[in-house]
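Engineer: Please see the structure below; I have some questions.
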């Protein structure tokens, strides 16, 4: 199980289960070998892509502090999506807002988790019957968090126009699905 913590969120969820992974024989597999086929929801696609953008922006900042230009790192997202400067700026602004909203929801979830953990020092529950139910507030926060990233699609379509958004969305979806599928088949 992968624990999503820190900048990735506070929810402990088996990542492949969250992504809807299934194991299936693939035409590209060797006989008797199976590959994991991933159905990646939109909210996961956009969060992962926005985090990719942050990575390259942070790398560019680091490069500039050390001397060389960070232009190459800054241009990765623009190049792979075929964006102009204005479109890249819009994508970055909407992505930053979504990540900030998710971080705020993560902080609320973390407070709920810490409150519930405090009731069980050392994480020990004496009897199975004493195991607390999953807090409804966490499920509600997860729904709100997922909606943050789903809603960016409408924001981007409004800001960029339908045709530009459709092209960008197809590229983002393809990039993330390829990376998630490749990672799950290692």
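Engineer: From the list 109, 72, which residue is in a helix (DSSP H, G or I) and touching a helix residue (DSSP H, G or I) at 6+ places or on another chain (Cβ under 7 Å)? Before the answer, list the steps.
Structural biologist: Working: 72 fails: touching a helix residue (DSSP H, G or I) at 6+ places or on another chain (Cβ under 7 Å).
Going through 109, 72 in turn, just one is in a helix (DSSP H, G or I) and touching a helix residue (DSSP H, G or I) at 6+ places or on another chain (Cβ under 7 Å): 109.
Engineer: Among the numbered criteria (1) at pLDDT below 95; (2) surrounded by fewer than 14 Cβ atoms within 10 Å (Cβ to Cβ), which one does residue 170 miss?
Structural biologist: With respect to (1) at pLDDT below 95; (2) surrounded by fewer than 14 Cβ atoms within 10 Å (Cβ to Cβ), residue 170 is out only on (1).
Engineer: Considering each of 125, 176, 180, 150 in turn, give the residue that is more than 30 Å from residue 80 (Cα to Cα) and either surrounded by 12 or more Cβ atoms within 10 Å (Cβ to Cβ) or free of Cβ contacts under 8 Å to residues at least 60 places away in the same chain (or both).
Structural biologist: 125
Engineer: Further question on the same structure: Mind listing just one residue for me: the one in region 64-82 that is closer than 16 Å to residue 54 by Cβ and touching a residue at least 60 places away in the same chain (Cβ under 8 Å) and, of those, surrounded by the fewest Cβ atoms within 10 Å (Cβ to Cβ)?
Structural biologist: In the first step, residues of region 64-82 are kept if they are closer than 16 Å to residue 54 by Cβ; the result is 64, 70, 73-78, 80-81.
Next cut, touching a residue at least 60 places away in the same chain (Cβ under 8 Å) only: 80-81.
Details: 80: 14, 81: 20.
Per the stated criteria, the residue is 80.
The values are calculated or read from the model by the stated rules, or taken from the named source; none is laboratory data. Just so it is clear, the model here is predicted, and its values are computed rather than measured. In this analysis, Cβ positions are derived from the backbone assuming ideal geometry, glycine residues included, and neighbour counts consider all displayed protein chains.
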